[in-house]
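J.: Got a structure for you, written out below as structure tokens; questions coming shortly.
The values are calculated or read from the model by the stated rules, or taken from the named source; none is laboratory data. From a predicted model like this one, the values you see are computed outputs, not experimental measurements. Note that each Cβ is placed from the backbone with ideal geometry, even for glycine, and that neighbours are counted across all protein chains shown.
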Amino acid sequence: MKSLIAAKGLSENEIRLVFQKATEFKKLWKGWRGTEFPHQSLKGKTVVNLFFEPSTRTLSSFELATRRLGGHSLNFSPENSSTSKGETLFDTARNLQAMDPDLLVLRHASAGAPYLLSKEIQIPIINAGDGFHEHPTQALLDAYTIEEAKGKIAGLHVLIVGDIAHSRVARSNIYILKTLGAKITVCGPPSLIPPAIEKLGVQVSYDLKAAIKTADIVMMLRIQLERQHQVQFPSLGEYSKFWGLNSDTVQYLKEGAIIMHPGPLNEGVEISQEVASGPYSVILNQVTNGVLIRMALLDLILKGTTK
Ligand code: CP
């Protein structure tokens, strides 16, 4: 594994390798109380986090993952950089590469930016979310969390609810969960379901209360207002009434089902606070596993690399 640009095309073996490494780290983490994590594979390595969009979970977990494995991280902040004077993404990356880091983590509003950059620079790149295209590390941590909670993925019914059209998380999850044998239904208002989404091998439902009854996993998504160029539904209240998970809709959950959300939450819109922090929710497990999956990826990509 040299770079991770997309979930599309990852093989089951590659996904399993990442999970195996994350589980090794989870075991070490449980017994770890000292100052230095007992696996220092990133000693002497520097990871640049180049985030052109805001982030809480992804940025923090990449930084923690790097530090935990003994590496250094540099968090590049575009608003205080020369990009505000017109410097391009490519020039920014070339200049950062000239400072000799080992890996670049990129989040960008433009779909395809990590792929294009991977043709321009020589160090590995991890895609931390590109426009509405892909968010592969999120999907890996989501699949890992599902397997941890349910003991398997193959044969499970995963319901992905909300703004499918603008969601990089939905797309990456569809690729990874399909590869691992899950059955997937996407659900939301017709205006937020892309035409021909069935070609990705998923089913479509416009009725949350009906779809939820057979789902083993209910993955709620945020309305991505920042990517919508026109209003796609009458109001947030209306959206919440039909597509939100709350104390009313949660009653339709199948026994043993779990609730997920990649964050950030729009509390009271797609999910109520009581459901998000309730007994079926694994949302904070997703966050914890995010550090482990990113540790696994950094370890696998950077192990043994020399400049
Ligand atoms: N899930 C996710 O990507 O969250 P952040 O935007 O906070 O990184």
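J.: Can you pull out the residues in region 26-51 that are under 19 Å from the mean Cα position of the chain (by Cα), closer than 29 Å to Gln97 by Cβ and of a type outside the set (A, V, I, L, M)?
T.: So in region 26-51, the residues under 19 Å from the mean Cα position of the chain (by Cα) come out as 26, 47-51.
Remaining after also requiring closer than 29 Å to Gln97 by Cβ: 47-51.
Once the filter is applied, which keeps residues that are under 19 Å from the mean Cα position of the chain (by Cα), closer than 29 Å to Gln97 by Cβ and of a type outside the set (A, V, I, L, M), region 26-51 yields Asn49, Phe51.
J.: Counting only residues that are among the β-branched types (Val, Ile, Thr) and surrounded by 15 or more Cβ atoms within 10 Å (Cβ to Cβ), which one in region 64-96 is nearest to Val48 (Cα to Cα)?
T.: Thr66
J.: With the requirement that a residue be modelled with pLDDT of 95 or more, more than 21 Å from the chain's Cα centre (by Cα) and part of a helix (DSSP H, G or I), what does region 190-207 give you?
T.: Matches in region 190-207: Glu198, Lys199.
J.: So Val269 passes all but one of these: (1) buried (at least 21 other Cβ atoms within 10 Å of the Cβ); (2) part of a loop (DSSP other than H, G, I, E, B). Which condition number does it fail?
T.: (1)
J.: Looking at region 230-245, is at least one residue at pLDDT 95 or above and closer than 30 Å to Leu106 by Cα?
T.: The answer is no; no qualifying residue exists.
J.: State whether the residues of region 108-124 include one that is within 22 Å of Arg171 (Cα to Cα), aromatic (Phe, Trp, Tyr) and surrounded by fewer than 24 Cβ atoms within 10 Å (Cβ to Cβ). Can you show your working first?
T.: Going residue by residue through region 108-124, those that are within 22 Å of Arg171 (Cα to Cα) are 108-118.
Within this subset, residues satisfying the condition of being aromatic (Phe, Trp, Tyr) are 115.
From what's left, surrounded by fewer than 24 Cβ atoms within 10 Å (Cβ to Cβ): 115.
Yes, some residue in region 108-124 is within 22 Å of Arg171 (Cα to Cα), aromatic (Phe, Trp, Tyr) and surrounded by fewer than 24 Cβ atoms within 10 Å (Cβ to Cβ).
J.: What tally of residues in region 52-85 results from selecting those that are hydroxyl-bearing (Ser, Thr, Tyr) and more than 16 Å from the chain's Cα centre (by Cα)?
T.: Restricting attention to region 52-85, the residues satisfying the condition of being hydroxyl-bearing (Ser, Thr, Tyr) are 55-56, 58, 60-61, 66, 73, 77, 81-84.
Next, only the ones that are more than 16 Å from the chain's Cα centre (by Cα) stay: 66, 73, 77, 81-84.
The number of residues fulfilling the criteria is 7.
J.: Can you pull out the residues in region 1-31 that are among the basic types (Lys, Arg) and either part of a loop (DSSP other than H, G, I, E, B) or under 18 Å from Thr66 (Cβ atoms) (or both)? Steps first, answer last, please.
T.: First, pick out the residues of region 1-31 that are among the basic types (Lys, Arg): 2, 8, 16, 21, 26-27, 30.
Hits for region 1-31 are Lys2, Lys8, Lys21, Lys26.
J.: Let me ask something additional. Could you list, in sequence order, the residues of region 146-163 that are surrounded by fewer than 24 Cβ atoms within 10 Å (Cβ to Cβ), in contact (Cβ under 8 Å) with a residue 40 or more places away in the chain and not in a helix (DSSP H, G or I)?
T.: Within region 146-163, Leu156, His157 meet the criteria.
J.: Another question, then. Would you point out the residue of region 19-64, among those that are modelled with pLDDT of 95 or more, out of contact with any helix residue (DSSP H, G or I) (no Cβ under 8 Å at 6 or more places or on another chain) and small (Gly, Ala, Ser), that is nearest to the ligand (Cβ to nearest atom)?
T.: Ranking the qualifying residues of region 19-64, first place goes to Ser55.
J.: Let me ask something else. Can you pull out the residues in region 171-190 that are closer than 15 Å to Glu270 by Cα and either within 16 Å of the ligand (Cβ to nearest atom) or of a type outside the set (Gly, Ala, Ser) (or both)?
T.: Val186, Cys187, Pro189 - these are the residues of region 171-190 that are closer than 15 Å to Glu270 by Cα and either within 16 Å of the ligand (Cβ to nearest atom) or of a type outside the set (Gly, Ala, Ser) (or both).
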